[in-house]
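Heads up: the structure comes next, in structure tokens.
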Amino acid sequence: MTDTNESSEIVTQTLAETPASVDTPILVAIVDDHESVRLGLKAACENSGYTVVFTAATVRDLVQGLAGQVCDVIVLDLSLGDGSLVTDNVKLAQSTGSAVLVHSIADRVASVREALAAGAAGVIPKSSPTTTVMAAVASVARGDVLNNLEWATAIDADRDFAKAQLGRRERDVLHLYASGLPLKMVAMQLGIAHSTAREYLDRIRVKYVEVGRPAPTKVDLLRRAVEDGILPGLDSEAGDGRV
């Protein structure tokens with residue numbers, strides 16, 4: 001059994017070091033219905049050199065307050081006092097053009113899973129050290145996949161989490177493309193035409209849509225590859241499997 005300290009160490013090891021200041025400040029917004037949490041996160045972000053553009057108790061209040069301004073990351077609590085739904089909150093937050101980082105109590109696995117399925121970039125427990133939370137904010141702001149124990153637990157605990165049934169060549173294309181190679185290089189490495197590689201990629205995206213896990217962007221495909229064990233992260237052994 002992994003305790004909270006071990007969880008924090010795992011998260012910290014997977015994230016790049018966060019500088020005290022950055023040339024272009026990371027723009028952050030915060031949604032939590034507890035004022036003390038909002039104030040604490042705001043202070044921590046500012047101490048890390050980030051710019052907090054707005055804080056709110058609900059997502060709707062945040063969207064109204066932003067008034068069209070785009071920030072890099074919205075740090076979102078899952079259990080808000082207005083009775084709003086997790087999926088609705090994540091999608092409404094994303095509609096601002098921002099990435100969503102879930103900041104919640106770690107034992108709410110079902111809500112975390114729902115948030116990830118709705119497109120949240122990652123989850124960080126409220127019990128995590130402040131430095132770990134700030135590193136998670138920086139990671140999500142860069143567009144990186146936030147692989148940690150909480151993400152793995154949320155997925156593993158959901159028996160209905162459906163893997164897309166990808167064929168061997170589709171897995172090969174996804175593995176290389178999600179690893180960072182341009183599609184042209186993927187085609188060259190696999191000895192196939194660029195148009196064929198594109199067809200495989202389109203087919204992969206269709207299959208993920210069919211199981212309710214759309215992946216419209218390359219970052220989304222990276223997340224799906226990690227979730228399904230095609231790339232190391234949640235399950236380093238599963239990537240060798242062939243369908």
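The values are calculated or read from the model by the stated rules, or taken from the named source; none is laboratory data. Because the structure is predicted, anything quoted here is derived from the model rather than measured. Positions of Cβ are generated from backbone atoms using ideal geometry, with glycine treated the same way; all protein chains shown enter the neighbour counts. All accessible areas refer to the heavy atoms of the entire protein, side chains included, with ligands and DNA or RNA removed. Shrake-Rupley method; radii C 1.70, N 1.55, O 1.52, S 1.80 Å.
Listing for the model above:
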quantity	calculated
For the range 27-158, with +1 on Lys and Arg beta carbons and -1 on Asp and Glu, the positive-most of GLY143, VAL86, GLY122 along the dipole	GLY143
R0 of 30 Å, Cβ-Cβ distance GLU210-ILE105: FRET efficiency to nearest 0.05	0.40
Local electrostatic count at LEU222 - Lys and Arg +1, Asp and Glu -1, tallied over other residues with Cβ under 12 Å	-1
Area of THR55 that stays accessible when all protein chains are in place (1.4 Å probe, Å², to 10)	50
Hydrodynamic radius by Kirkwood, which averages 1/r over all alpha carbon pairs of the range 168-228, in angstrom	11.3
Partner lysines for LYS207 [C-alpha distance under 20 Å; skip if fewer than 8 residues away on the same chain]	LYS163, LYS218
Label point at ASP33 placed 7 Å out along Cα→Cβ; residues across the range 92-125 whose backbone nitrogen lies under 15 Å	104-105
THR55 long-range amide H proximity, modeled H, under 5 Å	ILE30
Sequence-distant residues sharing a close amide H with GLY122 (under 5 Å, placed H)	VAL102
Residues GLU46 and ALA67, FRET efficiency given R0 of 22 Å [Cβ-Cβ distance, rounded to 0.05]	0.55
nm² value of the averaged projected area, convex hull over the Cα atoms of the range 27-158	6.8
